[in-house]
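Remarks on the structure that follows.
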Amino acid sequence: MTAKEYNLSVDEYSDNIFRFALKHLKNEMSAKDIVQETFTKVWIKHEEVSFEKVKSYLFTTAYHSIIDWIRKEQKSGDIEKTNADTRSSSMENFDLQEVLDEALKTLPEIQKTVVLLRDYEGYNYTEIAEITNLNESQVKVYIFRARKALQEYIRDLDLVL
């Protein structure tokens, strides 16, 4: 990939990667760090990455960076404190987006990732499989299970309201 192609990929995909990271991390500063780290890693290997595959490579790199960040935060204990704070405040003001965000928090990390890639970013199963290093069947199963869990969460919330 040339420098010009790299710059085009930054212009085209940085917002998508930011949204993807923000949905996972719920922290704007951390999401920006993930975007920066992702593009830094891609620049380091820009000669090995083909421009045709850069989108997949970027999201794969971002996904692995997010997982690393989550593991680091879980060790320090900061992520649980953040999640507890947002959980209590979001249920006070009923908002569909907040309910969906709360429901996403209940999912295992891999299910959350595949749902975000499929339903928020619009990737097909093959692209998601490539990004997450899963096979297509696993991606479909994780998406199915995640959607069922989200449906149950919202259904249970309806009973409470």
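Here are a few things to note about the model shown:
- Of ILE70, ILE131, ILE66, all but one fail to be modelled with pLDDT under 85 and of a type in the set (Val, Ile, Thr); the exception is ILE70.
- Residue list for segment 1-60, restricted to those being over 29 Å from GLU73 (Cα atoms), at pLDDT below 90 and among the hydrophobic types (A, V, I, L, M, F, W, C): MET1, ALA3, VAL49, PHE51
- Any hit, segment 20-39, residues being closer than 23 Å to VAL115 by Cβ, outside the structural domain of VAL115 (by TED's automatic domain parsing) and assigned to a loop (DSSP other than H, G, I, E, B): yes
- Here segment 15-53 is the region considered, the condition is being surrounded by 14 or more Cβ atoms within 10 Å (Cβ to Cβ) and of a type in the set (Ser, Thr, Tyr), and the residue that is farthest from GLU130 (Cα to Cα) is SER30.
- GLU12 being assigned to a helix (DSSP H, G or I) and surrounded by fewer than 17 Cβ atoms within 10 Å (Cβ to Cβ): yes
The values are calculated or read from the model by the stated rules, or taken from the named source; none is laboratory data. What you are looking at is a predicted structure, and each value in this text was computed from that prediction instead of being measured. A quick note on method: Cβ atoms are made from the backbone with ideal geometry, for glycine too, and the neighbour counts reach across all protein chains shown.
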